[in-house]
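Notes for the one structure printed next.
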Amino acid sequence: MPPSPGPGRRQLLQAGLASAGQLLLGGCALNDLGPGVAGASRPLNERLEAWLQSRGPIPEFRRDQVEPQRLLVNNFQAVPQIDPASFRLSVEGLVHRPLSLSLADLAALPQREMVIRHVCVEGWAAIVAWGGVRLADVLALAGVSPLAGYLAFDSADGYFETWDRPTALHPQTLLVSRMNGAPLPAANGAPLRLATPLKLGYKQSKWVTGIRLLASLDPLRRGTWEDQGYEWFAGL
Amino acid sequence: MQTPTPPRGIQPLWTRAFHALDIALLLVMVSSGLQIYNANPVFGGREGMTLPAPLLLGGWLGGGRQWHFAGMGLFALNLGIWIALLLRQRHRRLAALDDVSSLRASQSQPRRRLASHRLVYTAMLIVLSLALLSGLAMYKPASFWWLSGCFGNWQTLRTVHFATVPAMAALTLSHGVLSWRIGGLRLLRSMVG
């Protein structure tokens, strides 16, 4: 006698095959469960990501490895018109000295360039040379309160982002005004955008006009795309 | 042979459990992965051909990522424990070089069939490991810069990760057909049920 599977096991098998069939013939019924499965898996994923990133700087590429043709442009709205002469970057919230910096103020800070891989949530990536000031230097000017665990970045086009404090203070997180050795093009976020090797592209706001230091996050306003379902930490 | 072996056609409980879990997890990983693929096709980029909705899971890029990165941990755990157990308990059943020679030289058809089957299911484990490693290299290219570096450039990395899907589809089909020819429905059933 071949030992046949018991009824319980057979039912289980049938249920499994049925759900597999449903998956193949249109996961539509399962699509709504996406936020649920993400809620179950993301806290652990994000803790692992933060831990991985706490282990020193990310190796950079050589300048001759940049791939200008691979860098695609994704915009939330139309490219905003910004007058460089009247442009100001505000730094407010939980800081000792709120700031309003002109582009000349930023240019007076130590400049650095990093050649990193810019990775888009869509799956493409490009090696880019970003030039600008360390976000940590700007934040040091403002004097960040120890209570400020998060940062919010407001952009001229209405896009907004929120970040964790350690990534913002990372030495490879820059407020950039130059790309691949030339002034940053308007489509790529001129006059000022975020750049870091540590997070996906949608975290790296273009046309940044304001930085707010926060003690906590509003769970309903964590970022333009995050509120639609993208990962908040989005570590690379 | 003196060592006690389970009756022919009956797989240990852990093999059946890992098989069943793996089928479910692979369906989730493939369908959500193809959903992510559609946001920027590996071949052709924004002008590339996208895949039809019945193959996809998630509904949009964000939904596909939710499923893909929820499934990956379970997939990795399942595969890792499975390979560890196989190497420890049943490594004699994994393919070895003499399978290639018996495939070439043996006159006995059952023996050749068994050899080719061992090669097929061992290759499945290698392809699944490659899917995991290339996925990790793409998911955390900054933290695992050394792993991403092993694949050369980004397009190669994406291509390798994608290629594991048709490779697994072909191998799964061969695995099913060969199991059928070796042990019939009884063997197929004993693999998952």
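The values are calculated or read from the model by the stated rules, or taken from the named source; none is laboratory data. Worth saying up front: this structure is predicted, and the values here are computed from it rather than measured. Note: ideal-geometry Cβ built from the backbone for every residue, glycine included; neighbour counts use all protein chains shown. These area figures cover heavy atoms from the full protein model, side chains too; ligands, DNA and RNA do not enter into them. Shrake-Rupley method; radii C 1.70, N 1.55, O 1.52, S 1.80 Å.
Details
- Region B:7-160 - percent of accessible surface contributed by carbon and sulfur, probe 1.4 Å: 69
- Options B:L157, B:S102, B:S143, ranked by Cα towards positive dipole end of region B:95-193, top entry (Cβ charges): B:S102
- The protein assembly as shown - charge dipole about Cα centre, Lys and Arg +1 at Cβ, Asp and Glu -1, debye rounded to 20: 2120
- Helix-derived mean residue ellipticity, 222 nm - over chain B, DSSP H n ≥ 4, -39500 (n - 2.57), to 500: -25500 deg cm²/dmol
- The string of couplings for region A:220-236 from the Karplus curve (6.51, -1.76, 1.60, θ = phi - 60°) is 8, 9, 9, x, 3, 8, 4, 5, 8, x, 6, 5, 7, 5, 6, x, 9 Hz, one whole number per residue in order, with x for Gly and Pro.
- Chain A, dipole about Cα centre (Lys/Arg Cβ +1, Asp/Glu Cβ -1), debye to the nearest 20: 500
- The Rg/Rh ratio for the protein assembly as shown is 1.07, where Rg is the radius of gyration of the alpha carbons and Rh is the Kirkwood radius.
- Listing of region B:103-151 residues, each with accessible area lower by at least 50 Å² in the full protein assembly than in the chain alone (probe 1.4 Å): B:K140, B:A142, B:S143
- In order along region B:50-59, phi translates into HN-Hα couplings of 9, 9, x, 4, x, 8, 9, 9, x, x Hz, rounded to whole numbers, per the Karplus curve 6.51 cos²θ - 1.76 cosθ + 1.60 with θ = phi - 60° and x for Gly and Pro.
- Proximal charge balance of A:Q77 [Cβ under 14 Å; K/R count +1, D/E count -1]: -1
- Accessible area that becomes buried as B packs against A, both chains, 1.4 Å probe, Å², nearest 100: 3500
- In whole percents, the pair-distance distribution calculated for region B:105-193 from its alpha-carbon pairs, binned every 5 Å from zero, is 3, 13, 18, 16, 13, 11, 9, 8, 6, 1, 0.
- Our summary gives chain A a relative contact order of 21 percent, counting only alpha carbon pairs under 8 angstrom and 6 or more residues apart.
- Adding -39500 (n - 2.57) for every DSSP H run of four residues or longer, then dividing by how many residues chain A holds, sets the calculated 222 nm ellipticity at -7500 deg cm²/dmol.
- Cα centroid separation - region A:171-236 against region B:8-82, whole Å: 30
- Rolled with a 1.4 Å probe across the full set of protein chains, the surface gives B:R16 an accessible area near 30 Å².
- Normalised contact order of chain B, rounded percent, pairs of Cα under 8 Å and 6 or more residues apart: 24
- Karplus-derived HN-Hα couplings along region B:141-151 (A = 6.51, B = -1.76, C = 1.60, θ = phi - 60°), whole Hz, x at Gly and Pro: x, 7, 5, 9, 4, 5, 6, 4, x, 4, 8
- If R0 is 25 Å, the Cβ-Cβ spacing of B:L97 and B:A163 corresponds to a FRET efficiency of close to 0.50.
- Region B:172-189 versus region A:133-157: alpha-carbon centroid distance in Å: 61
- Residue among A:T167, A:P84, A:S100 farthest towards the positive dipole end of region A:60-228, charges placed on Cβ: A:T167
- Counts of other chain beta carbons within 10 angstrom of each beta carbon in peptide B:50-60 average 4.
- The mean number of Cβ atoms from other chains found within 10 Å of a Cβ in peptide A:64-74 is 1, as a whole number.
- Taking every residue in A:50-58 and counting other chain Cβ atoms within 10 Å of its Cβ, the average works out to 2.
- Think of a 1.4 Å ball rolled over the protein heavy atoms: region A:173-231 then has 33 Å² of accessible area per residue.
- Using a simple spin-label model with pseudo-atoms 7 Å out from Cα toward Cβ, A:E92 and B:L87 lie 5.8 nm apart.
- Here the peptides A:207-215, B:183-191 are ranked by packing, the mean other Cβ count within 10 Å, and the order with the highest first is A:207-215, B:183-191.
- Pairs of Cα atoms nearer than 8 Å and 6+ residues apart set the relative contact order; for region B:105-193 it is 34 percent.
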